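The structure appears below as structure tokens.
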Amino acid sequence: MLEYINKVVSLTRKAIEEYDMIGERERVAVGVSGGKDSLVLLAALAELSRYHPKNFTVIGISLDPGFGGDYEPIRRYAESLGVEYYVKRTNFKEIIFDIRRESNPCSLCAKMRRGALNDMAIEHGSRTVALGHHNDDVLETLFLSLLYEGRISCFAPVTYLDRTGITQIRPMIYVRERDIKGVVNHNDIPVMPKLCPADGATKREQMKEIIRRLEKETTPGLRKRLFHAVRSSGIEGWKI
């Protein structure tokens, strides 16, 4: 078991049980991007699957977008967790950057990745896809919706996709990003370097900084109140 992961496992279990994310003997596919969040989620679900009463199993699935990343360390990491792991090569990089030369590549890439990830899960016997969004992501998404769309909105803990029959779950909605970083810093977790040329300053990073500064300088306890607002505001999928 990884060091400093007990808190992440406990909060992950809380979310899974409160929102009924996983069924009896279900096969859960974790979308592994290679970043810290998805790698820690893979470990937390692998650990939880060993003793959870619903007796579910976990696999890891990755989409190689074509930037030349090495997925072999992740394969070894998954093996150390006792988890099946699969990688599928895609031509996302070629389509988005070489052919279409998108001025806003992130939007198209996200759409393509979602569809391909769901297809890959089905290919490997799963109808439940676990994503690595954490508590900080919830708050940042809320701010993005407020400031750029003029509405109160956020992704749901559980999303059923009618067209594919896939259920997307986000088991780390109670986990702070700092706790994920703590697990990574105290263990040999093979976090992949960011190779996408579009990676860098984003609106989400701006929201992260706004929330950090507000809580530190003017509004102590802001994060807890924001998360309470999400859960009590009537946003679809958040009511327990």
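The values are calculated or read from the model by the stated rules, or taken from the named source; none is laboratory data. Quick caveat, the model's predicted, so the values are computed rather than measured. For neighbour counting, all protein chains shown are included, and Cβ atoms are generated from backbone atoms with ideal geometry for every residue, glycine included. When the accessible area is computed, the model is the full protein with side chains, heavy atoms only, and any ligands, DNA or RNA have been set aside. Shrake-Rupley method; radii C 1.70, N 1.55, O 1.52, S 1.80 Å.
Summary of values
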{"item": "Ile61 vs. criteria at pLDDT 95 or above, touching a His at 6+ places or on another chain (Cβ under 9 Å), under 20 Å from Lys111 (Cβ atoms) and β-branched (Val, Ile, Thr)", "result": "yes"}
{"item": "Matching residues in segment 64-91 - criterion: being modelled with pLDDT under 95 and under 18 Å from the mean Cα position of the chain (by Cα)", "result": "Asp64, Pro65"}
{"item": "Among (1) open to solvent by 70 Å² or more (accessible area, probe 1.4 Å); (2) under 23 Å from the mean Cα position of the chain (by Cα), the one test that Ala229 misses", "result": "(1)"}
{"item": "Residue count for segment 225-240, restricted to those that are of a type outside the set (Lys, Arg) and in a helix (DSSP H, G or I)", "result": "6"}
{"item": "Meets criteria (open to solvent by 30 Å² or more (accessible area, probe 1.4 Å), more than 16 Å from the chain's Cα centre (by Cα) and touching a residue at least 24 places away in the same chain (Cβ under 8 Å)) for Phe97", "result": "yes"}
{"item": "Residue in segment 2-11 that is open to solvent by less than 70 Å² (accessible area, probe 1.4 Å) and outside any helix (DSSP H, G or I) present", "result": "yes"}
{"item": "Gly31 within 15 Å of Arg170 (Cβ to Cβ), touching a residue at least 40 places away in the same chain (Cβ under 8 Å) and surrounded by 15 or more Cβ atoms within 10 Å (Cβ to Cβ)", "result": "yes"}
{"item": "Filtered residues of segment 37-54 (kept if charged (D, E, K, R) and open to solvent by less than 50 Å² (accessible area, probe 1.4 Å))", "result": "Asp37, Glu47"}
{"item": "Qualifying residue in segment 139-146 (condition: in contact with a Gly (Cβ under 7 Å, 6 or more places away or on another chain) and touching a residue at least 40 places away in the same chain (Cβ under 8 Å))", "result": "no"}
